[in-house]
Every structure is written in structure tokens, then in C-alpha cells.
Amino acid sequence: EDQVTQSPEALRLQEGESSSLNCSYTVSGLRGLFWYRQDPGKGPEFLFTLYSAGEEKEKERLKATLTKKESFLHITAPKPEDSATYLCAVRYSGGYQKVTFGTGTKLQVIP
Amino acid sequence: DTEVTQTPKHLVMGMTNKKSLKCEQHMGHRAMYWYKQKAKKPPELMFVYSYEKLSINESVPSRFSPECPNSSLLNLHLHALQPEDSALYLCASSHVSGGSTGELFFGEGSRLTVL
């Protein structure tokens, strides 16, 4: 069964304490893996697209990487404004017009 | 600022009411989506329009009726909803290229409460 799983469900970090979020997927024919940030009551905000194993993307304190089975979102020296829910999503050959979301990781960065 | 605009931001309706949610994008995208999101859950796909034609309906009850009048507009007509339909309704759009579509860009959502 096609699945997208994120871990941990929640993560609490001190400001400046780096960490990583995980997104593992079991789909056939990955056509794109996306990372989003969502603030409470708002729509998801697009961060990155990764297409193939070995690919990396960076934006400010965030770096996304992709392997054949999982993706990581590395957060370096986070700040309180990085607090949000981070969602990964996949598009795959079985349903290329669909984007299926993982359950998300709620990140809280404490000053 | 998001380039996908949703109205209204908040909507309260009774179970016998008829209302509509509206979505507009000006990015030239030819694929548009409706997602439903319950509290502490990820967005769940409802409908996909590609080149103004309905291409995916994820077995959504008929009390939800989508409409795509043109490439920039997407509506979701609501009728005889149930309290469990209360959720954040998200509109999104994406490019279509070579039969495949890219990343989604979301609006701020419409918070629906059904009494």
C-alpha cells in the first residue's frame, strides 16, 4: 500500500539546537517529493521539491535531502519563528495528479 | 503573500443552507485542487481539475459540488452539509507540463463550521 509517514509527530527544540525531521515513503515511481510549512489556521506554504535520490535543496536554515526511501528536513540553529507543522507530500506514477501528504511534524522552538 | 485567494475566510452554515467557497489564482496554472483538512490532520484530496475538466473525484459525497468556470477560478458548492464536514477547505493550483503536474501552491483556506 502506498504510504507516506513522518516522524517524529512532535519535536521541541531549544533555539539554536539543530535537528532533522524524517519523511519515509513507500510508493512506486516517485514523481516528486515536496516539503511544506503550515502555520496554525493557514494554508501550507511550499518549501522544496526533490525529484531524485541524492538531490539536496537549501533555504535559509532548512536543508532537504532525498534517498530512495526517505527524505530528511534538516533544521540548523532554529529560531522561534521556525515553529510550525512541517508536511511532506509525494506525487507518484500511480496517481500523478494527486499529491498525498504525510501526517506532519509539529515543531516548537523555544527561546 | 499567497497568489491563491480564497473567499470567504470563515463561513458558518446550517445543515439546510446552500453556500459556495471561491478560489482564484493568477499564476497561469492549469491544474486546481480542493483539499479538506481537519484539526491536527494532513490535507486530504477531494477534487482535481486539469484544463478546466474534472479529472479526479476522491469519492466525495454529492453534497460537495465543484465547478471550474475558467482557468483562474474554482468554486466548491455546498448543500445539506453535516456537522462532521466542518473543516478547513484549502484550494491549491499547480503547473501542468508534459502530462505531469508540479508542486502545489495553496490559498489561506476557508474555515467552515456546520451547525
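For residues in region A:1-22 being touching a Phe, Trp or Tyr at 6+ places or on another chain (Cβ under 8 Å) and among the aliphatic types (A, V, I, L, M), which is surrounded by the fewest Cβ atoms within 10 Å (Cβ to Cβ)? Of everything passing the filter in region A:1-22, A:VAL4 is surrounded by the fewest Cβ atoms within 10 Å (Cβ to Cβ). Look at (1) at pLDDT 95 or above; (2) closer than 21 Å to A:ARG91 by Cα and you find that B:GLY99 fails only one, number (1).
Tell me, please, whether a residue that is within 11 Å of chain B (Cβ to nearest Cβ), within 27 Å of B:LYS38 (Cα to Cα) and part of a strand (DSSP E or B) can be found in region A:54-65. Steps first, answer last, please.
The initial filter retains those residues of region A:54-65 that are within 11 Å of chain B (Cβ to nearest Cβ), namely none.
Among the residues of region A:54-65, not one is within 11 Å of chain B (Cβ to nearest Cβ), within 27 Å of B:LYS38 (Cα to Cα) and part of a strand (DSSP E or B), which makes the answer no.
Taking the conditions exactly as written (surrounded by 14 or more Cβ atoms within 10 Å (Cβ to Cβ), of a type in the set (Lys, Arg) and out of contact with any helix residue (DSSP H, G or I) (no Cβ under 7 Å at 6 or more places or on another chain)), does B:LYS40 satisfy them or not? Walk me through how you get there before you give the answer.
Details: surrounded by 14 or more Cβ atoms within 10 Å (Cβ to Cβ): no; of a type in the set (Lys, Arg): yes; out of contact with any helix residue (DSSP H, G or I) (no Cβ under 7 Å at 6 or more places or on another chain): yes.
Judged against the criteria, B:LYS40 is not a match.
Filtering region A:86-109 to residues that are of a type in the set (Val, Ile, Thr), closer than 14 Å to B:GLU44 by Cα and either touching a Leu at 6+ places or on another chain (Cβ under 7 Å) or more than 8 Å from chain B (Cβ to nearest Cβ) (or both) leaves A:VAL90, A:VAL99. Does A:SER52 count as small (Gly, Ala, Ser), touching a strand residue (DSSP E or B) at 6+ places or on another chain (Cβ under 6 Å) and either without any contact (Cβ under 8 Å) to a residue 24 or more places away in the chain or surrounded by 14 or more Cβ atoms within 10 Å (Cβ to Cβ) (or both)? No, not satisfied.
The values are calculated or read from the model by the stated rules, or taken from the named source; none is laboratory data. Everything numeric in this text was worked out from a predicted model, so none of it was measured. Every residue, glycine as well, gets a Cβ built from its backbone with ideal geometry; the counts of neighbours run over all protein chains shown.
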